[in-house]
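Presented below is the structure to which this report refers.
Each value in this text was obtained by applying a stated rule to the coordinates, not by laboratory testing. Everything numeric in this text was worked out from a predicted model, so none of it was measured. Reconstructed Cβ throughout: ideal geometry from the backbone, glycine too, with neighbour counts over all protein chains shown.
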Amino acid sequence: MGGTFNPIHFGHLLLAETAYHQFDLDEILIMPTKNPYYKKLTNSVTEEDRVNMVQLAIEDNPHFHLSKEELDREGTTYTVETLKNLTEKNPDCDYYFIMGADSLYHIESWKEPESILQMAVIVVAGRGGSSSSLNSQIEYIENKYEANIFQLNSPNLEISSNDIRRRIRVGESIRYLLPQAVAEYIYSNHLYISSGEEE
Ligand code: NAP
């Protein structure tokens, strides 16, 4: 499960936990992206901060693991290269890539989508359950690329990293939106208090 995790919150954790059980997975790799080429992250938050927050968020869950696969690579990181590396390291593993519905609409613009869809089963988290538009997109991608795509049966927590950053900026509570240890890390490191918002 890749993402910016800026910051990680209960929405991400619930999706990961649901996928773990729904697909009977062995483990979940939580994989923070490098500060991505297609967006600018809030100035005050470093990759190390995002990693530290992920570590704090998952420390009580034995089947969640931090993966620095993308952070440790130089240059632009593409999902196709991540999956190639993981598959080379563990040729006997079946990989499931957990993504938000929005990503499934954009996946054809990613590098080598056909290879991504051959190397991983796609697990999509819809917003507010399944929709006919998402069902059509799944069918379209499955037919075009012979892909395996499944929807997560997860309660939809309307939590977003963007809203958490906004709340911190304006002094609203973030309690119950993310693990308390992550909230404490944010406050003690004065993260997100400036308005250098990401695009
Ligand atoms: P993101 O900015 O963290 O997430 C985009 C949106 O989806 C946000 O609304 C986010 O909510 C939500 N979200 C994040 N992770 C999710 C998950 N696992 N399941 C469901 N919803 C999720 O992440 P991103 O930049 O789109 O990247 C996501 C993954 O796609 C990464 O692994 C990235 O490397 C990959 N990707 C690859 C390419 C490529 O290969 N060309 C291009 C784009 C993305 P929050 O803001 O609340 O987190």
Handout entry: Cα-only radius of gyration and Dmax that characterise the range 53-199, units Å
Key = 17.8, 49
Practice task
Show that you can apply the helix-only estimate: for the chain, add -39,500 (n - 2.57) for every DSSP H stretch of four or more residues, divide by all residues, and state [θ] at 222 nm to the nearest 500.
Solution key: -12000 deg cm²/dmol
Problem - At most 15 other Cβ within 10 Å, DSSP loop - chymotrypsin sites (Phe, Trp or Tyr not before Pro), the range 128-185 - result: Tyr176
Exercise for the section: Return the FRET efficiency for the residue pair Lys84, Arg167: r is the Cβ-Cβ distance, R0 is 25 Å, and the value is rounded to the nearest 0.05. Expected result: 0.05
Handout entry: Within the range 1-90: Cβ-based charge dipole about Cα centre, in debye rounded to nearest 20 (Lys, Arg +1; Asp, Glu -1)
Key = 420
Problem - Fluctuation leader among His106, His63, His12 - the chain, Gaussian network, Cα springs under 10 angstrom - result: His106
Problem - Rounded tilt (10° steps) of 10-22 against the dominant C-alpha axis of the chain - result: 30
Problem - Farthest toward positive dipole pole in the range 121-189 [+1 Lys/Arg, -1 Asp/Glu at C-beta], among Gly171, Ser161, Phe150 - result: Gly171
Problem - Electrostatic dipole magnitude of the range 41-105 [Cβ: Lys, Arg +1; Asp, Glu -1; Cα centre; debye, to 20] - result: 100
Practice task
Mind pulling the angle between the C-alpha long axis of helix 79-89 and the longest principal axis of the chain? Nearest 10 degrees, somewhere in 0 to 90.
Solution key: 70
Handout entry: Given charges at beta-carbon only (K, R positive; D, E negative), |dipole| of the chain in Debye
Key = 700
Completion exercise
Cβ density ranking, 10 Å radius, fewest first, applied to Leu178, Leu83, Leu14 yields Leu14, Leu83, Leu178
Completion exercise
Assertion target for Thr77, Thr18, ordered by fewest C-beta neighbours within 10 angstrom first, is Thr18, Thr77
Practice task
Taking the Cβ of each residue in Val51, Val182 as the centre, tally the other Cβ atoms inside 10 Å and list the residues starting with the fewest.
Solution key: Val51, Val182
